[in-house]
Amino acid sequence: MRLPPLIAVRFFEATARHLSVRQAAHELHVTPGAVSQQVRKLEEFLGCALFERLPRGLALTPAGCDYQAVCGDALARIGHATERLSAPTRRVVLVSCTPGFAVQWLVPRLQQFLQQAPELDVHVSTTHRAVDLPGEGVHFAVRHGLGRYPGLHAEVLLADDLIPVCSPRLVAPRRTARLADITGPQLLHDEHRDDWRLWCQAHRLPQVDCEQGVVFAHSNGAIEAAVAGRGFALVRRGLVARELATRALIGVPTGALSTPLAYHLVYPPETLIDPALRRFRAWIVAQGAEG
């Protein structure tokens with residue numbers, strides 16, 4: 001079997017993934033010159049060019065594209081096998097999501113999974129940033145959007161049908177909230193979304209000024225303020241299931257707002273090579289199907 005120099009393969013795969021010698025060098029903790037040298041060494045070994053050197057960066061040649069696909073899969077398999085052998089008793093699953101999604105949906109359900117899989121640990125990293133999953137060693141991310149993430153597999157985890165909710169104290173002594181109770185100053189916003197404007201347009205409420213209200217850094221803040229009786233939050237029902245069940249929050253009896261957006265479980269295709277990661281993926285997708 002004729003094998004290439006494996007160090008050169010690793011340097012090539014990082015460069016191909018980033019399409020940048022500088023970023024590959026940063027990931028590998030070496031100099032850009034060392035990366036360029038190893039890539040040239042691999043091209044000489046193979047007898048073909050893997051990159052086109054352009055004035056403003058790199059582009060893969062057709063041969064480079066084919067080789068990257070094979071090398072990326074091979075290195076991922078080696079990495080997963082190494083993890084299993086070097087830490088046979090416990091495995092870590094790293095999940096990235098927003099703080100609001102973690103607090104309201106993921107973390108309350110995790111204890112069930114950990115009881116089913118005591119040999120696994122789940123580390124939840126909260127951020128609004130779209131992390132580089134392969135580059136940062138993250139196995140899964142939950143992202144809100146249309147599900148278009150080049151190079152990653154995405155599957156719908158939760159639909160994004162939104163309902164307005166408030167504390168019963170806000171409309172006491174009545175036990176129900178009405179559409180007419182919603183006013184501009186009482187809106188509780190997530191600064192990362194424009195839900196109230198879309199919802200009011202869909203329900204033909206031009207009298208509600210969606211520029212008013214209080215803006216929070218994430219949906220969890222809006223939900224907490226709603227529980228405290230400070231106004232109306234617009235959220236997915238599944239994120240406040242506990243609060244609705246205990247009547248810490250009540251919903252306004254209107255139709256939910258359907259959108260093409262959803263929460264997606266996102267991961268590199270090679271992630272599911274690992275049986276432990278396949279197990280976590282199956283669990284979280286089943287949880288999403290339940291709402």
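The values are calculated or read from the model by the stated rules, or taken from the named source; none is laboratory data. Nothing here was measured: the structure is a model prediction, and the numbers come from that model. Every residue, glycine among them, receives a Cβ derived from its backbone with ideal geometry; neighbour counts consider all protein chains shown.
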message = Considering only segment 95-113, I want to know if a residue exists there that is surrounded by 15 or more Cβ atoms within 10 Å (Cβ to Cβ), modelled with pLDDT under 90 and not in a helix (DSSP H, G or I).
response = yes
Note on Arg278: of the conditions (1) closer than 30 Å to Pro150 by Cα; (2) touching a residue at least 24 places away in the same chain (Cβ under 8 Å), unmet is (2)
Picking from Phe51, Phe45, the residue that is hydrophobic (A, V, I, L, M, F, W, C), over 25 Å from Pro275 (Cβ atoms) and touching a strand residue (DSSP E or B) at 6+ places or on another chain (Cβ under 7 Å) would be Phe51
Boolean, Val285 is within 27 Å of the chain's Cα centre (by Cα), β-branched (Val, Ile, Thr) and not assigned by TED's automatic domain parsing to the domain that holds Gln104: no
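In the list His128, His203, which residue meets the criterion of being in the same structural domain as Ala282 (by TED's automatic domain parsing) and not β-branched (Val, Ile, Thr)?
His128
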Across (1) more than 13 Å from Ile163 (Cα to Cα); (2) surrounded by fewer than 21 Cβ atoms within 10 Å (Cβ to Cβ), His264 clears everything bar (2)
From the option list His123, His139, His153, single residue qualifying as at pLDDT 90 or above and loosely packed, with under 13 Cβ neighbours inside 10 Å is His123
When Thr31 is run through (1) among the hydroxyl-bearing types (Ser, Thr, Tyr); (2) under 26 Å from the mean Cα position of the chain (by Cα); (3) over 16 Å from Leu6 (Cβ atoms), the failure sits at (2)
Exception for Val252 within (1) surrounded by 17 or more Cβ atoms within 10 Å (Cβ to Cβ); (2) under 24 Å from Tyr149 (Cβ atoms); (3) among the aliphatic types (A, V, I, L, M) falls at (2)
With criteria (1) closer than 17 Å to Phe101 by Cα; (2) in contact with a Leu (Cβ under 7 Å, 6 or more places away or on another chain); (3) surrounded by 16 or more Cβ atoms within 10 Å (Cβ to Cβ), Asp161 comes up short on (3)
Restricting segment 226-239 to residues that are crowded, with 19+ Cβ neighbours inside 10 Å and aliphatic (A, V, I, L, M), the one nearest to Trp199 (Cα to Cα) turns out to be Leu234
Filtering segment 39-58 down to residues that are farther than 20 Å from Leu28 by Cα and either among the hydrophobic types (A, V, I, L, M, F, W, C) or in contact with a helix residue (DSSP H, G or I) (Cβ under 6 Å, 6 or more places away or on another chain) (or both) yields Phe45, Leu46, Cys48, Ala49, Leu54
Going through segment 178-210 in order, the residues found to be modelled with pLDDT of 85 or more and among the aliphatic types (A, V, I, L, M) are Ile182, Leu187, Leu188, Val208
Pairs returned, first residue in segment 224-242 that is closer than 17 Å to Gly288 by Cβ, second residue that is of a type outside the set (A, V, I, L, M) and in a loop (DSSP other than H, G, I, E, B), beta-carbon separation under 8 angstrom, 6 or more apart or interchain, are Arg236/Asp160; Arg236/Asp161; Arg237/Asp161; Arg237/Gly291; Gly238/Gly291; Ala241/Gly291
Scanning segment 161-174 residue by residue, the ones that are over 22 Å from Asp209 (Cα atoms) and in contact (Cβ under 8 Å) with a residue 12 or more places away in the chain total 2
Within segment 171-191, restricting to residues that are surrounded by 15 or more Cβ atoms within 10 Å (Cβ to Cβ) and closer than 24 Å to Gly145 by Cα, the one that is farthest from the chain's Cα centre (by Cα) is Leu187
